[in-house]
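So the structure is just underneath, and the comments pick up after that.
The values are calculated or read from the model by the stated rules, or taken from the named source; none is laboratory data. Fair warning: this is a prediction, and the values are worked out from it, not measured in the lab. Here the Cβ positions follow ideal geometry from the backbone for every residue, glycine too, while neighbour counts run over all protein chains shown. Please note that ligands, DNA and RNA were not included when accessible areas were found on the heavy atoms of the full protein model with its side chains. Shrake-Rupley method; radii C 1.70, N 1.55, O 1.52, S 1.80 Å.
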Amino acid sequence: MRIYYLTFPLFLLAFLSSCKTVENEHQPSLKTSLKGKFLMGVAVNDAQTSEQDTAGLRLIKQHFNAVAAENCMKSEVIHPEENRYDFTRSDRFVAFGEKYKMAITGHTLIWHSQLSPWFCVDKEGKNVSREVLIERMKNHIHTVVGRYKGRIQGWDVVNEAFEDDGSYRKTKFYEILGEDYIPLAFQFAHEADPNAELYYNDYSMAHKGRRDAVVRMVTQLKAKGIRIDAVGMQGHMQMDFPVAKEFEKSLLAFANTGVQVMITEIDMTILPTSKQNIGADVGTNFEYKKEMNPYPDALPDSVAQAWNTRMEEFFNLFLKHSDKISRVTVWGVTDADSWRNDWPIRGRKDYPLLFDRNHQPKPIVEAILKSVNKNN
Ligand code: 9MR
């Protein structure tokens, strides 16, 4: 009798937890529905990789099978001084991805923004020589990629190297090394982990200028025999940019060079912006004005509907070209996580992602699941 009393609660517990597993398996899931089409990815932050954000974690596990490092691998974080690396956050990110069996994207190796202040200059603040910068790039890439060798599916090797008109962005890397810095970065990454996939990643890719420049760059890398696996089209969108047709043209142009396409950083602002295509340059900032923050409490239904319709148009495009797309990644789990709330104007309330601040799916999630089933 006594044994019965002791074991019964244990049986009950085991039964209840098995019910929960079965229930989870039957919950609608983006990653499950999209199997065979493309990986469904999400950018994660420290609260998620440390599992403090339990509600966010639940959504990540349910809907996503790929993770990207939102901030923890940027050079100012991971390599703050020339002779000091800090892998605290990135180690946690990689362990998180492995624990939940996600495809892991390292973001990002060579980027002008969030660049460690020492990287391209000497102690007096003057640009270092060509030889010194090549050596620094090599050390940085070999150390970071080498540390996670065999554990990361692929790296955003070079991020945002072009302007809208297709000219090279005049970064310190470009100033000192000219266009050579791009093939060098890819070569170093390949040396450090020959099995890792290597990506070029940029925003506003619907612009003809960027499209042509990226096609040219991929073609040149390939002609030199340098590995590049995919072009990442960041999906930082507005309600009036990009035009889906132009985005599609770029997607097809990139695929045509023989690489995969990844849609890498999806979010769509609903807030007013001062110009039609604001891009995603973190350095662009404007002063806060009340009229620029029109939805501080909630989104009116008609506005939410317009947002969902436009987002659906893009997901339908991704599904149409799923044979060319290996991963689609949203830039954050819920609206509360998004960088958009503070860019290009600090302190606004935006609604750019697939899940709302209460961790509830927006109608777009249901729409994606329906579209997939229709196309199957
Ligand atoms: O979402 C990121 C935000 O939290 C950071 O403050 C910002 C600067 O590091 O970078 C954001 O992510 C950017 C990404 O790394 C590269 N493409 C543009 C993204 C939005 O700025």
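Per-residue answers, yes or no, for (1) within 16 Å of the ligand (Cβ to nearest atom); (2) polar (S, T, N, Q); (3) open to solvent by 60 Å² or more (accessible area, probe 1.4 Å); (4) closer than 23 Å to Arg58 by Cα:
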residue: Met292; (1), (2), (3), (4): no, no, no, no
residue: Glu312; (1), (2), (3), (4): no, no, yes, no
residue: Leu319; (1), (2), (3), (4): no, no, no, no
residue: Trp331; (1), (2), (3), (4): yes, no, no, yes
residue: Thr334; (1), (2), (3), (4): yes, yes, no, yes
residue: Arg348; (1), (2), (3), (4): yes, no, no, no
residue: Ile364; (1), (2), (3), (4): no, no, no, yes
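Taking the conditions exactly as written (surrounded by fewer than 17 Cβ atoms within 10 Å (Cβ to Cβ) and within 16 Å of the ligand (Cβ to nearest atom)), does Thr269 satisfy them or not? So Thr269 fails the test. Taking the criterion of being open to solvent by less than 10 Å² (accessible area, probe 1.4 Å) and not in a loop (DSSP other than H, G, I, E, B), the residues of segment 228-255 that qualify are Ala230, Val231, Gly232, Met233, Met237, Phe247, Ser250, Leu251, Phe254. Out of everything in segment 252-277 that is farther than 19 Å from Ala161 by Cβ and among the hydrophobic types (A, V, I, L, M, F, W, C), what residue ends up being nearest to the chain's Cα centre (by Cα)? Going through the qualifying residues, I end up with Ile266. Scanning segment 193-200 turns up at least one residue that is open to solvent by less than 10 Å² (accessible area, probe 1.4 Å) and within 16 Å of the ligand (Cβ to nearest atom). When the criteria are applied in full, Gly258 fails the requirement of being open to solvent by less than 40 Å² (accessible area, probe 1.4 Å), touching a residue at least 12 places away in the same chain (Cβ under 8 Å) and either away from the ligand (no atom under 16 Å from the Cβ) or of a type outside the set (Ser, Thr, Tyr) (or both). Residues in segment 55-76 that are closer than 16 Å to Arg92 by Cα, in a helix (DSSP H, G or I) and either open to solvent by 10 Å² or more (accessible area, probe 1.4 Å) or within 12 Å of the ligand (Cβ to nearest atom) (or both): Leu57 alone.
Starting from residues that are in contact with a strand residue (DSSP E or B) (Cβ under 9 Å, 6 or more places away or on another chain) and open to solvent by 10 Å² or more (accessible area, probe 1.4 Å), keep the ones in segment 216-227 and report whichever is farthest from Ala304 (Cα to Cα). So that I can check it myself, show each step before the final result.
Pass one, segment 216-227, residues in contact with a strand residue (DSSP E or B) (Cβ under 9 Å, 6 or more places away or on another chain): 217-218, 221, 226-227.
The next check asks that each one be open to solvent by 10 Å² or more (accessible area, probe 1.4 Å); those that pass are 226-227.
Numbers: Ile226: 44, Arg227: 42 Å.
The extreme case among them is Ile226.
Taking the criterion of being within 16 Å of the ligand (Cβ to nearest atom), touching a residue at least 60 places away in the same chain (Cβ under 8 Å) and more than 14 Å from the chain's Cα centre (by Cα), the only residue of segment 205-235 that qualifies is His207. It is to be established whether one or more residues within segment 132-149 are surrounded by fewer than 15 Cβ atoms within 10 Å (Cβ to Cβ), in contact (Cβ under 8 Å) with a residue 40 or more places away in the chain and within 16 Å of the ligand (Cβ to nearest atom). No: zero hits.
Conditions tested, residue by residue: (1) under 17 Å from Arg340 (Cβ atoms); (2) in contact with a strand residue (DSSP E or B) (Cβ under 7 Å, 6 or more places away or on another chain).
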site	(1), (2)
Pro242	yes, no
Lys245	no, no
Asp267	yes, yes
Ala280	yes, yes
Phe286	yes, yes
Asn293	yes, no
Asp301	no, no
Phe315	no, no
Phe318	no, yes
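Pairs meeting the criteria (first residue in segment 92-120 and closer than 18 Å to Arg136 by Cα and open to solvent by 50 Å² or more (accessible area, probe 1.4 Å), second residue within 16 Å of the ligand (Cβ to nearest atom) and at pLDDT below 95, beta carbons under 9 Å, at least 6 apart or on different chains) are Gln114/Val282.
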